[in-house]
Amino acid sequence: MSEAKLFEIFKNSLNFEVSEYLVEELTELQKDIINDATFILKDNIVGDVKSFGGSMKKNEEKFKEFMKQAETELEKDKYKEIKKKLKEYLKKLSELIIKTCVAIIPVKEMPWVDVVFRTIPRIIYNDKVELLDNSIAYCGEIKCFIGRTTLYGEIKDQEPLFAPFTGNLDLGDYKLDATQNEPKSQLFPYVSALINSLDSAITKNQLAKYHEEFQRHGDPICDFLMKDDELVNSMKKVTTALKSGRITSDIAVCSIAVPLPSEKKSIVLITDESQGDSRYGNCFEALLRLSSSYCQVPSQGQQTPTQGVSVSGSTGGGIRTPGGQELKTWTAEELSSEAQKRLTAQPDLPTWSEEELGKFAEERGSGIPEGMEVWKEEELQDLAEKRRRGGLNIPEWQPDQDMSECSSCGYSLRPGWTKCPVCDTPVGEKPSEEVKEEPKEPSEEVKEEPKEPSEEDQDEIIEQEDEGKEETDP
């Protein structure tokens, strides 16, 4: 198991809650942070700002007891390899408490009744244990029900985006009691759980899924927010964990909006991890524009989702895709009404008479379409000749006018030749009209081989021989 994983297991086993050490008495450092966080709101603040800061004086005995439990956990064999680094973590817990402060700011003429500011000091392990105290967060509850948990973040080498969240939020061991009357934005452990959920793999996967599988389009709320250029520009000013280098992954989520069904409200939260003092202005500006935009999102019908859970079905006749996206539906009467509106709102299009159409047809038929290439007859003949020669531009051979032809075989003769190189006919000699026959060699006579006489001829020969014998006999 990696050291980073062992470090996270050790932290989770301790279940340390910094809210148990918050007091109203602030240190000078905490006062300076609260002043910077509230300065941009001074013209809209009504009433007193409630401020809290971490202090080791509160629950001092409880902290000592916690440290004893941590030392006992540290003695387990699985932490043997990083025992020294885990002790450094325990030493930094007191510094983490001191650098934690919260302010509840009552405001007017804004989307919220109260704005909550807080610092987010973190003890992280990256080859070594270190405390990061630059992160801050603003959050507030808007008086509108957005109907769906919505994220904002960025992916490496991509433009930032809004994305819907489907499923249950990873709040760790925290369980929200919906019956509590206190505003959820002022519940320190709940806001801490929301902030921690931004780094959860479940949350990051939602952003990646909407980017890759849905091409950043399809959710009505996210589509509406992405069209607001001023909002998008303000959100880009926020420094995410990807820009600050706090995380090594390629995805960072810095904002979340969660619907609160029981109160018909929604909580909006934005974090910023930059180092400069501009983080206060950038983070608050983004929260203000985002909260205002959520209040302007068109109603998508009645929805009753539970917190952090998307609705697979719909109420009031709505339809949802398997991915949780809501599709708008219309009744037959609404469709008919829309059709009539479109008919009456048709644009003023030009019209033509039958004679004008006929005239246009003649002009188009007699003319040559614009851009069409035209060839002359001579060019076509040249093209045909080139194709006949196989596409090679070889000139046709023409005999020299000074050359004559052989009177016998027709071969071309160059000037100065005395006889034809083919038939040896002298140049200028006319061909003889009479054709002399060459004497034929006497042919040998063909001797016929004697044929054997037939049977009848043999009989006649025998008879003649017999008659001859009779005449010669005395």
(message) Tell me whether the stretch 1-123 comes out rounded, prolate or oblate; compute the Cα gyration tensor, take square roots of the eigenvalues as a ≥ b ≥ c, and use a/c under 1.5 as the rounded threshold.
(response) prolate
(request) Using the Cα centre as the reference, give the magnitude of the dipole from point charges on the C-beta atoms of the stretch 57-198 (Lys, Arg: +1; Asp, Glu: -1; all else neutral), rounded to the nearest 20 debye. (result) 420 debye
(message) Over the Cα atoms of the stretch 97-211, what radius of gyration and what Dmax do you get, in Å?
(response) 15.8, 47
(request) Would you work out what percent of the accessible area of the stretch 160-311, with all protein chains in place, is carbon or sulfur (probe 1.4 Å)? (result) 47 percent
(message) Among Ile82, Met67, Val113, whose Cα projects farthest towards the positive end of the dipole of the stretch 1-149, with charges put on the beta-carbon of Lys, Arg (+1) and Asp, Glu (-1)?
(response) Ile82
(message) Between Lys62 and Lys341, what's the calculated FRET efficiency when r is the beta-carbon distance and R0 is 41 Å? Round to 0.05.
(response) 0.05
(request) May I ask you to derive the FRET efficiency for Phe360 and Leu380 from their Cβ-Cβ distance with R0 = 35 Å, giving the value to the nearest 0.05? (result) 0.70
(request) Round to a whole angstrom and tell me the spacing of the C-alpha centers of the stretch 1-54 and the stretch 120-151. (result) 11 Å
(request) Could you work out the local net charge near Gly276, counting Lys and Arg as +1, Asp and Glu as -1, over the other residues with Cβ closer than 12 Å to its Cβ? (result) -2
(request) Report, to the nearest whole %, how much of the accessible area of the stretch 39-131 belongs to carbon and sulfur atoms, 1.4 Å probe, protein only. (result) 48 percent
(request) Take the stretch 1-64, drop everything but the C-alpha atoms, weight them equally and run the Debye formula without solvent; then report log10 I(q)/I(0) at 0.21, 0.26 Å⁻¹ to two decimals. (result) -0.90, -1.07
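In what sequence, highest mean first, do 249-259, 209-219, 42-52, 90-100 appear when ranked by Cβ atoms within 10 angstrom?
In descending order of packing, they fall as 249-259, 90-100, 209-219, 42-52.
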(message) Suppose all protein chains stay in the model; what accessible area per residue would a 1.4 Å probe give for the stretch 43-200, in Å²?
(response) 48 Å²
(request) Could you pull out the pairs from Lys156/Lys184; Lys156/Lys209; Lys5/Lys80; Lys85/Lys204; Lys80/Lys128; Lys57/Lys80 whose alpha carbons sit more than 25 Å apart here? (result) Lys156/Lys184; Lys85/Lys204; Lys57/Lys80
(request) State the answer as a single residue: which of Ala193, Ala241, Gln215 lies farthest towards the positive end of the charge dipole of the stretch 190-245, with beta carbon charges of +1 for Lys and Arg and -1 for Asp and Glu, about the Cα centre. (result) Ala241
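The values are calculated or read from the model by the stated rules, or taken from the named source; none is laboratory data. Here the structure is a predicted model, which means the values were calculated and not measured. Because the Cβ atoms are built from the backbone with ideal geometry, glycine has one as well, and the counts that use them run over all protein chains shown. All accessible areas refer to the heavy atoms of the entire protein, side chains included, with ligands and DNA or RNA removed. Shrake-Rupley method; radii C 1.70, N 1.55, O 1.52, S 1.80 Å.
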